[in-house]
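Working notes for the structure below.
The values are calculated or read from the model by the stated rules, or taken from the named source; none is laboratory data. Here the structure is a predicted model, which means the values were calculated and not measured. Glycine gets a Cβ as well: all are built from the backbone with ideal geometry, and neighbour counts include every protein chain shown. Side chains are part of the model used for accessible areas, which takes the heavy atoms of the whole protein and leaves out ligands, DNA and RNA. Shrake-Rupley method; radii C 1.70, N 1.55, O 1.52, S 1.80 Å.
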Amino acid sequence: MAEPAPVALDRNLKSDIAIRLRQVGKVYDNGVKALGPIDLDVRKGEFISLLGPSGCGKSTALRIVAGLTAATSGEVRIAGHAAAAQSIGFVFQEPTLMPWATVHDNVLLPLKLAHVARIEADRRVGDALERVGLAEFAQTYPRELSGGMKMRVSLARALVTDPDVLLMDEPFAALDEITRFKLNNDLLTLWRGLNKTVVFVTHSVFESVFLSQRVIVMTARPGRIAAEIGIDAPERNEDFRTSAEYAAYCRAASIALAHASDAKAQS
Amino acid sequence: MSAVEPSSLRTNHERGALRFVLPVVVLTIGVLAWDLIVRLNQIPPYVLPSPGAVVRTLISDWPILWASLLTTLLTTFEGFVAAAIGGIALALLFSRSKWLEYSLFPYAIILQVTPVIAIAPLLLIYLPQHAAVVVCAWIVAFFPVLANTTLGLKSIDRNLSGLFQLYHASPLQTLRYLKLPAALPYILGGLRIAGGLSLIGAVVAEIAAGSAGAGSGLAYRIAESGYRLNIPRMFAALLLLSLAGIVIYMVLALASHLILRRWHESALGKDS
Ligand SMILES: Nc1ncnc2c1ncn2[C@@H]1O[C@H](COP(=O)(O)OP(=O)(O)O)[C@@H](O)[C@H]1O
Ligand SMILES: [Mg+2]
């Protein structure tokens, strides 16, 4: 297992920056150069996507930010308060639920680990399940849920501690398109309501453009930042999904992605 | 081959009934054949007693056999509990320290592959008899628990571990809320094997101790009846031993099913 990485919590970080990466790189023990070096600032309340081909180090980057993997070079700073355990929520590509626990107990886990009093914890679990539309499934076991519902539970678990930063690692990649669109919309609604900083990893151009305010395009391994595309569209709904504007952004992102992969191939 | 294979049966219910009825039919036929052979050939009871004679002995010798059964079950139980605790504790230690695992695991294997029947006489020299019997039961039974628990602990979802790390779970919290529940199906599988094995261990040690003369378990009764050519009692004691083994297995299988039925594939029906 990876050693817990020292991710500096910085109260003096320039007040509107939530996450700051400086020259962050990762070489795995087996010699694989997985990431970087990359520089990245994420503003508070911003929704960004990391877009790149499979194996380019997106998950590695996210795990480094979460402190689950130690960077081999560079530094990571996260703005936050002392209660670090509460300040990051993580959603994995798989739902990663405990099969032996009910939906309620799965969502309760982070609070239980933080010794939150039972009544308060139950109330917050109830709220989180309400928010993802699973209130009546609290006593169900994960195996009885569909893939989309499991992902919602995973999202509720990440939200239950009311983290400042939400890290999502291709959370909807394994779902069918209808479910994915639905969850995309729900995620945006949550984000607008909760005002969290979101870093969303995906290999889908369409998803990244639809969701985020800024798309970070990464090169193939070792992942570096090849381009940034600001998506300047306030309304994110079905109209946006079918608009010419959306199509143009998607084209720009696709081209950037192709460039990033090409540049890599030639180097 | 019969025309109706179990797989072609329409309902689960019919299949369940058959799985119960078929062995009973086989048993009945076997007992009848046994009885017939003894009668037709007029075999004397000191060579092969009839099923009726075995049952009669079981009833007439019940006080002795019952006391012996309790003795054997007690040592089996003690060996089983020791194997369960020892196996799980060792596996947890190994999962925390590679040093410990690398230094001790080979010896766990050596203990497992050395036939216990060869170790028992030695143990009887160095330990009081009851302790020696329990240790024998432990030696045969702890390895499956150790091996299965180790496997279970190694199969824990990497991302779930990451989640516990993310939320700064203490080692004790991780043990209680992640490692033990995740390894539970494996542990229960190991315990199911260990139940039968601790009975075997207890029996082997009793037989080895039997010649030393102080034992009183079922295996000792079998050995003793053998010396005295009391063959019906041998059979009666053997019958009790088998029944004890079956009951132990069924109790553990049932416990495992009840514990896992809410969530684990092994305990779920095909359609659920
Ligand atoms: N624990 C690990 N040990 C060694 N190599 C790894 C490990 N995790 C990932 N890698 C390698 O690092 C590269 C980047 O992986 P990852 O961050 O998972 O990419 P992505 O999420 O973009 O698909 C891949 O080539 C992968 O094989
Ligand atoms: Mg990945």
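Side notes on the structure shown:
- Residues of the range A:52-62 that are open to solvent by 10 Å² or more (accessible area, probe 1.4 Å) and more than 9 Å from ligand 2 (Cβ to nearest atom): A:53 alone.
- The requirement of being under 18 Å from residue A:95 (Cβ atoms), within 14 Å of another protein chain (Cβ to nearest Cβ), open to solvent by 10 Å² or more (accessible area, probe 1.4 Å) and in a helix (DSSP H, G or I) is not satisfied by residue A:112.
- Residue within the range A:82-102 that is within 9 Å of ligand 1 (Cβ to nearest atom), among the hydroxyl-bearing types (Ser, Thr, Tyr) and open to solvent by 10 Å² or more (accessible area, probe 1.4 Å) present: no
Each row is one residue, and each column tells you yes or no for (1) within 16 Å of ligand 2 (Cβ to nearest atom); (2) closer than 26 Å to residue A:87 by Cα.
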| residue | (1), (2) |
| --- | --- |
| A:198 | no, yes |
| A:201 | yes, yes |
| A:213 | no, yes |
| A:220 | yes, no |
| A:234 | no, no |
| A:258 | no, no |
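- Going through (1) within 16 Å of ligand 1 (Cβ to nearest atom); (2) of a type outside the set (Gly, Ala, Ser); (3) free of Cβ contacts under 8 Å to residues at least 60 places away in the same chain one by one, residue A:134 falls short only on (1).
- Count of residues meeting criterion [assigned to a helix (DSSP H, G or I) and within 12 Å of chain A (Cβ to nearest Cβ)] in the range B:137-156: 2
- Residue A:149 closer than 29 Å to residue A:246 by Cβ and open to solvent by 30 Å² or more (accessible area, probe 1.4 Å): yes
- Among the residues of the range B:72-115, the ones that are open to solvent by less than 40 Å² (accessible area, probe 1.4 Å) and among the polar types (S, T, N, Q) come to 4 in all.
- When residues in the range B:252-267 are screened for being touching a residue at least 12 places away in the same chain (Cβ under 8 Å) and hydrophobic (A, V, I, L, M, F, W, C), 5 of them pass.
Here is a yes/no grid of residues against (1) away from ligand 2 (no atom under 16 Å from the Cβ); (2) facing chain B (nearest Cβ under 10 Å); (3) under 25 Å from residue A:69 (Cβ atoms):
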| position | (1), (2), (3) |
| --- | --- |
| A:97 | yes, yes, yes |
| A:103 | yes, no, no |
| A:121 | yes, no, no |
| A:128 | yes, no, no |
| A:132 | yes, no, no |
| A:136 | yes, no, no |
| A:142 | yes, yes, no |
| A:147 | yes, no, no |
| A:150 | yes, no, yes |
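- Enumeration of residues in the range A:63-73 that are without any contact (Cβ under 8 Å) to a residue 60 or more places away in the chain, within 14 Å of another protein chain (Cβ to nearest Cβ) and open to solvent by 30 Å² or more (accessible area, probe 1.4 Å): none
- Tally, over the range B:157-188, of residues that are outside any helix (DSSP H, G or I) and at the interface with another protein chain (Cβ under 7 Å from one of its Cβ atoms): 4
- For the range A:33-46, the set of residues classified as more than 15 Å from ligand 1 (Cβ to nearest atom) and buried (at least 22 other Cβ atoms within 10 Å of the Cβ) consists of A:42 only.
- Lone unmet requirement of (1) open to solvent by less than 50 Å² (accessible area, probe 1.4 Å); (2) in a helix (DSSP H, G or I); (3) at pLDDT below 90 for residue B:213: (2)
- One residue alone among A:160, A:209 is in contact (Cβ under 8 Å) with a residue 12 or more places away in the chain, more than 16 Å from ligand 2 (Cβ to nearest atom) and in contact with a Lys or Arg (Cβ under 8 Å, 6 or more places away or on another chain), and that residue is A:160.
- One residue from A:77, A:124 being open to solvent by 30 Å² or more (accessible area, probe 1.4 Å), assigned to a helix (DSSP H, G or I) and in contact (Cβ under 8 Å) with a residue 12 or more places away in the chain: A:124
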